[in-house]
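**Q** Okay, handing you the structure first.
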Amino acid sequence: MPTDTSFQDQSFIELSARQRARKLLDDGTFRELLGPFERVMSPWLEPQGIVPQADDGMVVAKGQINGQPAVVVAIEGNFQGGSMGEVSGAKMAAALELAAEDNRNGIPTQAVLLLETGGVRLQEANLGLAAIADIHAAIVDLRRYTPVIGVVAGTVGCFGGMSIAAALCSYLIVTREARLGLNGPQVIEQEAGIDEYDSRDRPFIWSMTGGEVRYHSGFVDALVKDSLAEVKASVMSFIKKGVPATHRSDNYDYYLPKLTGFDTAQQASREVTEALFNREDRA
């Protein structure tokens, strides 16, 4: 297998979605499906005065990881905040469905999802929500055959319905700069008020939804530095582990009593969250 040591100290966050996908795959194996030259883009943005992107902000690449067939799906967080619409969502769902079909046909295809997304694209709300539901179903199907590995690096984070997709992954990798939550800070502030959640208070936001606290609370499986080498090594280690005996989303008997018994009158904090979902308690 060709090797490349030139990326050892390269930032993963600073790479575009296409660069991330290319770098995670073995050298010379990157092949993009429905790339920008195919011009498969959203038909709903231009009528609203929004310039569409030729790949709709979704990169789907096939190739190899450690010499084995793999698909890497990467969301471009710089386009529409990585939001999911009809076309981008369909591209991700179809890629996962095809990977599952490959596995059923005896071609053991691995899957890595690079999640930089604010969730559903409001301009395509119902269509985007339907696509996200298809993605959820495709992850659950595929993870029976091979680990579906999610990576949330930053700086967009992973929110909305796609945070559920992240939770459905077999393994989830984050950096300290990452954020993960069902609702974004601005949404919570709008609905609950600034006294409850100040979206401009960056230390508070990262203390609640940042990669480090999510790792210590047991919602993700690996906390790595912003390093392409570390992200790739972590991905490969989880591929080697194979399908987990129990997926995180199957542990509802553990999570539900904690959530229903939580006193919502108290202000949530990092300390409260880590105590509620203590890793040692889960062991």
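The values are calculated or read from the model by the stated rules, or taken from the named source; none is laboratory data. Note that the structure is a prediction, hence the values are computed from the model and not measured. Cβ atoms come from the backbone with ideal geometry, glycine included; neighbour counts cover every protein chain shown. Just the protein is used for accessible areas: all its heavy atoms, side chains included, with ligands, DNA and RNA removed. Shrake-Rupley method; radii C 1.70, N 1.55, O 1.52, S 1.80 Å.
**Q** Just one of Thr260, Thr246, Thr273, Thr264 is under 19 Å from Val174 (Cα atoms) and either open to solvent by 40 Å² or more (accessible area, probe 1.4 Å) or not aromatic (Phe, Trp, Tyr) (or both); which is it?
**A** Thr273
**Q** What's the number of the condition Ala111 fails, among (1) part of a strand (DSSP E or B); (2) open to solvent by 40 Å² or more (accessible area, probe 1.4 Å)?
**A** Here Ala111 meets the rest and fails (2).
**Q** Which ones in region 163-221 are under 28 Å from Gln10 (Cα atoms) and charged (D, E, K, R)?
**A** Hits for region 163-221 are Arg176, Glu177, Arg179, Arg202, Glu212, Arg214, Asp221.
**Q** Return yes when Glu124 is more than 14 Å from Ile75 (Cβ to Cβ), open to solvent by less than 20 Å² (accessible area, probe 1.4 Å), acidic (Asp, Glu) and more than 10 Å from the chain's Cα centre (by Cα) and no when it is not. Can you show your working first?
**A** Working: more than 14 Å from Ile75 (Cβ to Cβ): yes; open to solvent by less than 20 Å² (accessible area, probe 1.4 Å): yes; acidic (Asp, Glu): yes; more than 10 Å from the chain's Cα centre (by Cα): yes.
Yes; evaluated as a whole, the condition is true for this residue.
**Q** Filtering region 42-52 down to residues that are of a type outside the set (Val, Ile, Thr) and open to solvent by less than 60 Å² (accessible area, probe 1.4 Å), which residue is nearest to Ala99 (Cα to Cα)? Steps first, please.
**A** Going through region 42-52, the residues of a type outside the set (Val, Ile, Thr) turn out to be 42-49, 52.
Adding the requirement that they be open to solvent by less than 60 Å² (accessible area, probe 1.4 Å) leaves 42, 45, 52.
Details: Ser42: 24, Leu45: 29, Pro52: 28 Å.
Among those that are of a type outside the set (Val, Ile, Thr) and open to solvent by less than 60 Å² (accessible area, probe 1.4 Å), it is Ser42.
**Q** List pairs: first in region 191-211 and more than 15 Å from Gln267 (Cα to Cα), second open to solvent by less than 30 Å² (accessible area, probe 1.4 Å) and assigned to a loop (DSSP other than H, G, I, E, B), Cβ under 6 Å, 6+ apart or cross-chain?
**A** Correct list of pairs: Gly211/Ala178.
**Q** Can I ask one more? Restricting attention to region 218-230, which residues are assigned to a helix (DSSP H, G or I) and either crowded, with 20+ Cβ neighbours inside 10 Å or on the phi > 0 side of the Ramachandran plot (or both)?
**A** To start, the set of residues in region 218-230 that are assigned to a helix (DSSP H, G or I) comprises 228-230.
Residue satisfying the conditions is Leu228 alone.
**Q** Here's a follow-up. Does Asp56 qualify as being without any contact (Cβ under 8 Å) to a residue 40 or more places away in the chain, open to solvent by less than 70 Å² (accessible area, probe 1.4 Å) and under 18 Å from the mean Cα position of the chain (by Cα)?
**A** yes
**Q** Something else about it: Pick from region 231-243 the residues that are free of Cβ contacts under 8 Å to residues at least 24 places away in the same chain and open to solvent by less than 90 Å² (accessible area, probe 1.4 Å): which of them is nearest to Asp198 (Cα to Cα)?
**A** In this case the residue turns out to be Ala233.
**Q** Regarding region 35-57, can at least one residue be identified that is under 23 Å from Ala167 (Cβ atoms) and not in a loop (DSSP other than H, G, I, E, B)?
**A** no
**Q** Name the helices (runs of 4 or more DSSP H) wholly inside region 174-217 in which the number of residues that are at pLDDT 90 or above and within 18 Å of the chain's Cα centre (by Cα) is 3 or more.
**A** 211-216
**Q** I'd like the residue in region 132-159 that is touching an Asp or Glu at 6+ places or on another chain (Cβ under 7 Å) and open to solvent by 10 Å² or more (accessible area, probe 1.4 Å) and, out of all such residues, is modelled with the lowest pLDDT.
**A** This residue is Thr155.
**Q** Of the conditions (1) within 19 Å of the chain's Cα centre (by Cα); (2) among the aromatic types (Phe, Trp, Tyr); (3) in a helix (DSSP H, G or I), Tyr255 satisfies every one except a single condition; which number is it?
**A** Among (1) within 19 Å of the chain's Cα centre (by Cα); (2) among the aromatic types (Phe, Trp, Tyr); (3) in a helix (DSSP H, G or I), the lone unmet condition for Tyr255 is (1).
**Q** Taking Ala70, is it touching a residue at least 12 places away in the same chain (Cβ under 8 Å), of a type outside the set (Ser, Thr, Tyr), buried (at least 24 other Cβ atoms within 10 Å of the Cβ) and not in a helix (DSSP H, G or I)?
**A** Against the criterion (touching a residue at least 12 places away in the same chain (Cβ under 8 Å), of a type outside the set (Ser, Thr, Tyr), buried (at least 24 other Cβ atoms within 10 Å of the Cβ) and not in a helix (DSSP H, G or I)), Ala70 qualifies.
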